[in-house]
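Coordinate-derived values only; no laboratory data. What you are looking at is a predicted structure, and each value in this text was computed from that prediction instead of being measured. All Cβ positions, even for glycine, are placed from backbone atoms using ideal geometry, and neighbour counts span all protein chains on display.
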Amino acid sequence: MHKEAAKFTKAFKERLDAATDEKVRIVIKEQYKDAFDILSDCENAGLIPGIIGPPGIGKTLLLRAYAEKSRREFHWVTGDEGVRPSHLIGSFNPALVLDKGFSLDSFEPGTLLKSMVLGGVFGLNEANRLPEYVQNSLLEPFEELSVNVQRLGRVKASDGFFPVLTLNPEEMAGAHRLSEALRDRIRVWIRLGYPRKETEMEIVRVNCPEYTISDDTLEKIYSLVSSTRMTTDIEIPASIRAGISVARLAAEMTKRQKEKSTSHQTLSKAASYVLSGALRFRPGIDPQPAVDALIRRSLGTGRKA
Ligand SMILES: Nc1ncnc2c1ncn2[C@@H]1O[C@H](COP(=O)(O)OP(=O)(O)OP(=O)(O)O)[C@@H](O)[C@H]1O
Ligand SMILES: [Mg+2]
């Protein structure tokens, strides 16, 4: 084998193991605990749930944790115009077909079919962005738990197969909607909103395991992030993800600068780097000055009065 190719193959195999060994770090309480329990109830009752929540609220993480708890694989697909039924179900590799004909050996399974056959948890993000005919290709797998694979036959899903949709609330209201037929298959809606202060601070901490972050710094990050959720000038506010990023960047800057604790200046700077791209303001508002003003308002100027 070519040297470069051999190097890649070795590294790829190691990385596969690394992904399998990765443990999910999740705060399961309040809405997350409720959602976890309802997911389990839905599965037992044979109902397909949809999870609705703003970006970065923990939808994907929740499904990953749910799959991990029952030692199942987790597969997911994010909907957009470019996704075809062949990505979901699979397709024949023309080069292999020449050699082996239309058989399983020349078939490359799609993500949904893999999940159905292996009995995994299947997360479908933003299904409303899929073209309607692709949404329709999901009806049989979701309703009958079976799928017709052309030239190979009809496959029934394994017992562990559990499909779940996730959506942003904005998308629910937006022009691109779920097709009526697919929406009709989703029987239970689980809503996730921004968590309580203490819970969000705990989530940020859990996602910064290698840093020691003071309560004071965490509180400031929370107050900054949550302030973006209360102003009408902002269409997309800071997510939990943004808060985690501010915390991690500020902690790393503190370490590099050999500060004893995170200074006002460091925190403001880290927040500016993260938030300048993390928020969507109403049209007509210049983002950078608006972010700077927001940080000053929430964190103060750092000078003692
Ligand atoms: N309950 C929680 N416990 C620990 N970490 C969390 C929790 N909720 C969210 N997070 C963290 O917040 C980040 C975003 O989570 P996730 O990717 O699951 O969000 P999402 O709702 O799927 O976002 P998107 O809509 O953009 O797909 C991740 O870093 C995740 O680890
Ligand atoms: Mg997600």
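Compactness ratio of region 19-191: Cα Rg over 2.2 N^0.38 Å, N = residue count?
Its radius of gyration relative to the 2.2 N^0.38 Å reference: 1.06.
So which GluC sites (Glu not before Pro) in region 115-174 are both in a DSSP loop and have at most 15 other Cβ atoms within 10 Å of their Cβ?
For GluC sites (Glu not before Pro) across region 115-174 that sit outside H, G, I, E and B with at most 15 neighbouring Cβ atoms in 10 Å, the list reads E144.
Excluding same-chain residues fewer than 8 positions from K220, which lysines have a Cα within less than 24 Å of its Cα?
Correct list for K220: K29, K197, K255, K258, K260, K269, K304.
Just need the Rg to Rh number for region 212-305, please, alpha carbons only, Kirkwood Rh.
0.96
Loop only per DSSP, at most 16 neighbouring Cβ atoms within 10 Å: give me the chymotrypsin sites (Phe, Trp or Tyr not before Pro) in region 208-305, ordered by residue number.
Y211
In cubic angstrom, how much convex hull volume per residue do the alpha carbon atoms of the chain span?
Per residue, the Cα convex hull of the chain comes to 180 Å³.
Identify all lysines with a Cα-Cα distance to K3 below 27 Å; exclude those on the same chain that are fewer than 8 residues away in sequence.
K3 reaches K13.
At what distance in nm do the modelled label points of I285 and R297 sit from each other, each positioned 7 Å from its Cα along Cα→Cβ?
0.8 nm
What angle do you read, to the nearest 10 degrees and between 0 and 90, between the alpha-carbon axis of helix 197-206 and the longest principal axis of the chain?
So the inclination is approximately 70 degrees.
With label points built 7 Å along Cα→Cβ from the Cα atoms of E140 and K156, find their separation and express it in nm.
Distance between label points: 1.6 nm.
If each DSSP helix of 4+ residues adds -39,500 (n - 2.57) and the sum is divided by the residues in the chain, what number results at 222 nm, nearest 500 deg cm²/dmol?
-15000 deg cm²/dmol
To the nearest 20 debye, what charge dipole does region 158-266 have about its Cα centre, counting +1 at the Cβ of each Lys and Arg and -1 at the Cβ of each Asp and Glu?
160 debye
Hey, what angle do you get for helix 240-256 against the long axis of the chain, alpha-carbon based, 0 to 90 degrees rounded to 10?
Value to nearest ten degrees: 60.
I'd like the chymotrypsin sites (Phe, Trp or Tyr not before Pro) in region 97-162 restricted to DSSP loop residues with at most 16 other Cβ atoms within 10 Å, sorted by number.
F102
Dividing the convex hull volume of the Cα atoms of region 11-116 by its residue count, what figure in Å³ per residue is obtained?
With only Cα atoms used, region 11-116 gives 165 Å³ per residue.
How far, in nm, would the chain grow between F8 and S40 when pulled straight, counting 0.36 nm per residue and subtracting the alpha carbon separation?
7.6 nm
What residue among H87, A157, L145 has its Cα farthest toward the positive end of the dipole of the chain, where the charges are +1 on Lys, Arg and -1 on Asp, Glu, each on the Cβ?
Towards the positive end, the residue furthest out is H87.
If one takes the longest principal axis of the Cα atoms in the chain, at what angle in degrees, from 0 to 90 and to the nearest 10, does the Cα axis of helix 287-299 lie?
Tilt relative to the chain: about 60 degrees.
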